[in-house]
Structures are given as structure tokens and as C-alpha cells.
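Here is the structure we will look at.
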Amino acid sequence: MENLKPYGYLRMEDVRTDIIHVDMDAFFAAVEQRDNPQLRSRPVVVGGSPASRGVVSTCSYEARRYGVRSGMPSARARALCPEAVFCPPDFARYREASAQIRAVLANYSDRVEPVGLDEAFLLVPCSLGDPVEVARKIRSDIWKKTRLVCSVGVSYNKPLAKLASEWEKPTGFTVIDVERARSMLPSIPLKELWGVGPQTVRELSRHGIQTCADFNAARRGLLLRILGASRAWDLALLCSGMYPRGLSPGGRTKSISQERTLEHDVDDPRELEDSVRGMVADVVGRLQENDLTASTVTLKIRCSDFRILTRSITLPAATADEGILTRASLDLLARLFVGQYRIRLLGVSFSNFDYPDLPEQIQLPLVGSRSSRG
């Protein structure tokens with residue numbers, strides 16, 4: 001049967017290797033080590049306390065040698081690395097360092113797309129010359145400005161630039177042009193491709209599809225049945241080194257959020273409401289720092305059995321008013337939580353920002369939606 005591989009290959013003359021992905025190495029931990037000389041060369045873990053139900057946010061490469069990883073319970077990290085120094089996150093300092101990095105990137109391009117605080121894509125304009133040399137200058141400038149190191153990937157689209165920056169970390173520097181992509185992609189595991197999640201990897205692996213070559217050789221009917229038409233085609237483009245979407249205009253933030261792992265499983269509505277109020281206050285502060293207003297509020301809960309439930313609501317108008325956003329978040333909590341769950345994690349997210357330079361949009365009535373996944 002016909003497979004789903006896009007026809008032909010890109011020609012060298014068709015594209016320019018002009019997209020750079022800058023990825024700060026162990027960013028939060030690196031800031032802690034930079035600002036506290038006593039932490040340098042020591043295993044540093046940024047996250048919650050190992051004496052509670054804290055989670056590792058990130059860790060230094062010294063800690064990673066012991067098997068410590070992001071998302072791991074802090075107690076487990078302590079067991080793996082008893083000598084680790086645990087630091088609570090200091091997001092004010094991390095945001096300050098991130099702003100300095102973005103200022104460096106802005107010196108080279110007006111097309112910068114941040115991804116969180118610690119990484120960003122940028123498009124190198126033709127006027128600056130060789131993008132590879134530009135990438136080297138950017139890495140040098142970031143070090144001079146912040147005394148922080150980064151890994152850099154250069155390619156002709158975002159997924160490949162992201163893949164390149166992951167190689168040879170820390171302080172890696174990798175270029176993937178069309179010719180190199182053509183030779184290396186067939187052997188790349190699907191799990192290493194940007195945007196391919198673990199569930200997709202598991203589903204395809206059950207059918208013996210583990211690499212880009214496996215995907216390109218698979219029957220189209222099988223891929224459509226597993227993934228659906230849209231997702232199957234997106235992945236076919238990735239596996240063939242093609243990606244039609246460029247950088248987001250102006251690199252605008254799409255959402256601001258906060259998650260909190262609770263000290264213990266909670267089923268007391270008042271305790272949950274207090275946690276939501278605290279998170280909303282923090283996220284509203286970040287909205288106001290960035291002079292943003294949001295019209296969509298999303299609440300996420302993780303149950304004691306690790307099920308994740310989310311619900312969103314779109315307000316009639318974008319706002320940064322803490323009272324309005326708190327009421328909306330508590331309303332979502334009431335809809336999600338009806339006493340049958342014990343909750344281990346809460347998350348609040350604001351999105352659908354009203355940027356002043358965007359065309360005015362028609363306001364819709366209040367709408368709620370619900371989704372869940374196991």
C-alpha cells in the first residue's frame with residue numbers, strides 16, 4: 001500500500017539554514033551556581049524540598065550524573081544524590097536573566113520566538129550574513145552579558161534547530177543543513193523529534209515504528225488509523241525534514257501558568273481554594289509585569305491516581321483583574337472538584353492575550369469546555 005512519505009526531497013538551493021535555537025544549559029541551576037560561588041561544581045537541584053512532596057524543576061549537570069532529572073520527586077533525587085544542594089526556585093532572578101538573554105537575541109533579529117524562560121528560536125536576516133557565524137556571536141554575547149552558557153542549534157526549520165541544540169549538551173553547537181538532514185533523519189528515533197509525545201511514541205512502537213525510516217516505510221492506512229489524518233501528515237513532514245510553519249510573529253507569549261504539587265493529597269475544598277487563590281495572585285503578578293490581559297482561564301488538577309483533568313473558560317473580555325480571574329478559577333475548581341477526588345497537583349493558566357497592536361476580535365459569550373486524559 002501507499003505510504004505517507006512526502007514526495008521528493010528539498011533541494012539545497014531551495015532553503016537557507018537560517019533558524020537558530022538557543023537553549024540555556026540547566027538554566028535555573030546555572031543561575032544559582034553563578035550567583036553563589038559555593039555552589040559551583042556541586043550537584044544543585046532546583047525544586048521543592050525533599051522533606052515534602054516537592055518535585056525537581058531542574059538540576060545541574062553534576063546532579064544529572066547521579067540520575068537526577070526534571071520532574072522527579074525531590075525525595076527520590078535526594079536518595080540518588082545525598083550530597084545535592086536543594087534550592088527553592090527564585091523566578092524573579094530567572095526572569096531577570098531571561099530578559100538579558102532576550103535583549104541579546106533582539107540585537108540580531110526582530111523575529112524571536114521565546115519558549116519559556118530558557119530557550120528561544122530566532123530567524124537570521126540575510127543582511128547579517130552567515131547564520132552559523134551569527135550563532136557563534138550570539139553564544140559569545142550571552143556569556144559576556146550573563147555569565148551563563150547555552151547550547152545552540154542551527155538549521156532550516158524549527159524542529160531540526162531544536163534537535164541540533166540537544167546534541168552535545170552542555171555548550172553544544174550543531175548545524176543541520178538539508179544535506180545532513182537527508183543523511184541522518186532516517187536513523188533518528190521518533191522520540192527525539194520535537195513535538196512527538198510519549199503517547200504517540202508508545203502507540204507507534206507497538207507496531208514496530210520507532211525511527212523516521214520506519215515511519216516513512218509504514219503503510220498509510222496503518223498510520224491514519226493510529227494517528228488520524230492531520231497528525232499523521234504532520235509527523236510525515238517531520239520525518240522527511242520538512243516543516244511548513246515559521247516563527248510566531250514577534251515571539252509573543254501564548255500563556256502564563258503556574259503548577260503546584262501539594263504537600264499531601266487534598267480533598268478539603270477550602271484548602272484547595274486557598275491554593276488556587278495563591279497561584280492566581282502569582283500569575284496575575286506576571287501578567288501585570290508584562291502588561292498583558294487574558295481572556296481564557298484554564299484550571300488543571302492531577303488526582304491521587306495520576307489522572308489529569310482540565311477545564312477552561314473564556315471571559316467576555318480580556319483582563320488582568322485579580323478578583324475576576326480568581327472568581328473564574330474558583331468556578332472552574334467547583335466544576336471539576338465535586339468531592340470524589342483527592343488532589344495532588346493544581347495548575348492555573350491564563351492565555352488568549354489581548355495585545356494592543358492586534359485587530360479587535362468579536363467577543364463571544366461565556367463558554368466553558370472540559371477535557372481529560374488518563
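Taking the conditions exactly as written (assigned to a strand (DSSP E or B), of a type in the set (A, V, I, L, M) and at pLDDT below 90), does L345 satisfy them or not?
Yes; evaluated as a whole, the condition is true for this residue.
Would you please name the residue that is nearest to R95 (Cα to Cα), looking only at residues in segment 244-278 that are at pLDDT 85 or above and among the hydrophobic types (A, V, I, L, M, F, W, C)?
That would be I256.
Those residues that are surrounded by fewer than 19 Cβ atoms within 10 Å (Cβ to Cβ), at pLDDT below 95 and small (G, A, S), I need them from segment 77-102; list them, please.
Those that are surrounded by fewer than 19 Cβ atoms within 10 Å (Cβ to Cβ), at pLDDT below 95 and small (G, A, S): A92, A99.
Which of the numbered conditions does L148 fail, given that it passes all the others? Conditions: (1) of a type in the set (A, V, I, L, M); (2) farther than 23 Å from K254 by Cα; (3) not in a loop (DSSP other than H, G, I, E, B).
Of the numbered conditions (1) of a type in the set (A, V, I, L, M); (2) farther than 23 Å from K254 by Cα; (3) not in a loop (DSSP other than H, G, I, E, B), the odd one out for L148 is (3).
Quick grid of which residues meet (1) of a type outside the set (D, E, K, R); (2) within 22 Å of A29 (Cβ to Cβ); (3) surrounded by fewer than 17 Cβ atoms within 10 Å (Cβ to Cβ):
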{"residue": "T146", "(1), (2), (3)": "yes, yes, no"}
{"residue": "S151", "(1), (2), (3)": "yes, yes, no"}
{"residue": "V154", "(1), (2), (3)": "yes, no, no"}
{"residue": "E168", "(1), (2), (3)": "no, yes, yes"}
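Suppose we keep only residues that are small (G, A, S) and modelled with pLDDT of 90 or more within segment 181-210. Which one would you say is surrounded by the most Cβ atoms within 10 Å (Cβ to Cβ)?
A181
The values are calculated or read from the model by the stated rules, or taken from the named source; none is laboratory data. Note that this is a predicted model, so its numbers are computed, not measured. Neighbour counts run over all protein chains shown; Cβ positions are idealised from the backbone, glycine included.
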